[in-house]
Amino acid sequence: MTLIELLTVIAIIGVLSALILPAVQQSRNAARSAQCRNNLHNLGLACLTFHDTYQFFPRNTIRPRGTTAIDSEPAGNLWNWHSGTYESWNRELLPFIAKAGARVQDAIPILGCPSDPRGPAYTVPDYGFTWYVGVYSNPNTVNNGIIIDDSDLKDKLTIHVSLVLDGASNTILLAERPPSADGGSGWWDSRCCIEDSISPAKGSNRPFSSGLKGRCPSPAIYKQGDVRDNCSFNAIGSCHVGGGNFCMADGSVRTISYQAGNQHVGTTSLMEALASRNGSEVFSTDY
């Protein structure tokens, strides 16, 4: 083999590699997105099974108003469960995804999106995370979604499917939103804040006021998130290019582009309209 022939072979191999590698990467991204959709679908089915069992959807609450028995925490858990302690909707859902004994610091595989470069098993020493959250329209309409938080309310609040007046196929049950860049928010069973497991579809510059590029924008809109930037945590978003995945209240999973999600429906955005259970918004179904 001459030097020219050797260089020709190397050049051909280089060209083939340049053609193949993008295709391989595209296939991997498609597989990760499919797994993410599958996680959402299974979580949606678990929520519907929970609803059939208790006649309301899972929610953030306090014990004993919830469904987790007091003083029955798993061995090695960081909490001391007693009357008045916090119970996330994820905690309520654990028996329906075969994870009833999970501790707050554990990673729950079904709650993780494989498209996040940190990996779906990403945790910090004290808490595990969720990439899938309940939603409400915006900071002025807390609890207008399906999965709500009544932990600070005087009385118990539950959402039955009969209260989803906008229709199950037109109302978001679960949306994507990766944990915060600093690992301080997005815990799947936190006793801190509603924003750990429920997010506005259109947010503000809270809970994070600054991030990777300085001050966080307000409003915070639905877009592809940067897992290095805390600002991405202020509204629902996704690790996927082009659009995020959503589980609707009928259990179906849809991908909605970032452009479509931010289009206006009357005086609100499509995402805000889809997040509310009883807003009576009128919009096309071709999104």
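Every read-out reported here was derived from the displayed coordinates using simple, explicitly stated rules and does not represent laboratory data. Just so it is clear, the model here is predicted, and its values are computed rather than measured. Here the Cβ is made from the backbone with ideal geometry for all residues, glycine too, and neighbour counts use every protein chain on show.
Below, the figures for the structure above:
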read-out	value
Full-extension gain in nm, Asp71 to Ala121, via 0.36 nm per residue minus C-alpha separation	15.3 nm
Neighbour net charge for Gly279 - beta-carbon separation under 12 angstrom, K R +1, D E -1	-2
Charge tally in the Cβ shell below 14 Å around Tyr86, where Lys, Arg are +1 and Asp, Glu are -1, Tyr86 excluded	-4
Mean Cα-pair separation over length for the stretch 3-275, i.e. relative contact order, pairs under 8 Å, 6 or more apart, %	18
Rg over Rh, two decimals, the chain (C-alpha only, Kirkwood Rh)	1.06
Distance histogram for the stretch 31-136 (every C-alpha pair counted, 10 angstrom bins, percent rounded to whole numbers)	14, 45, 34, 7, 0
Residues Ile256, Ile13, Ile147 arranged by fewest to most Cβ contacts within 10 Å	Ile13, Ile256, Ile147
Local net charge near Cys113, Cβ-Cβ under 12 Å (Lys/Arg +1, Asp/Glu -1)	+2
Rounded FRET efficiency, nearest 0.05, which uses the C-beta distance separating Ile10 from Ser210 and R0 of 51 Å	0.55
Counting DSSP beta bridges with both ends in the chain, the antiparallel % (nearest 5)	75
Packing-based ranking, highest mean first, of 163-172, 231-240, 201-210 given that Cβ atoms within 10 Å are counted	231-240, 201-210, 163-172
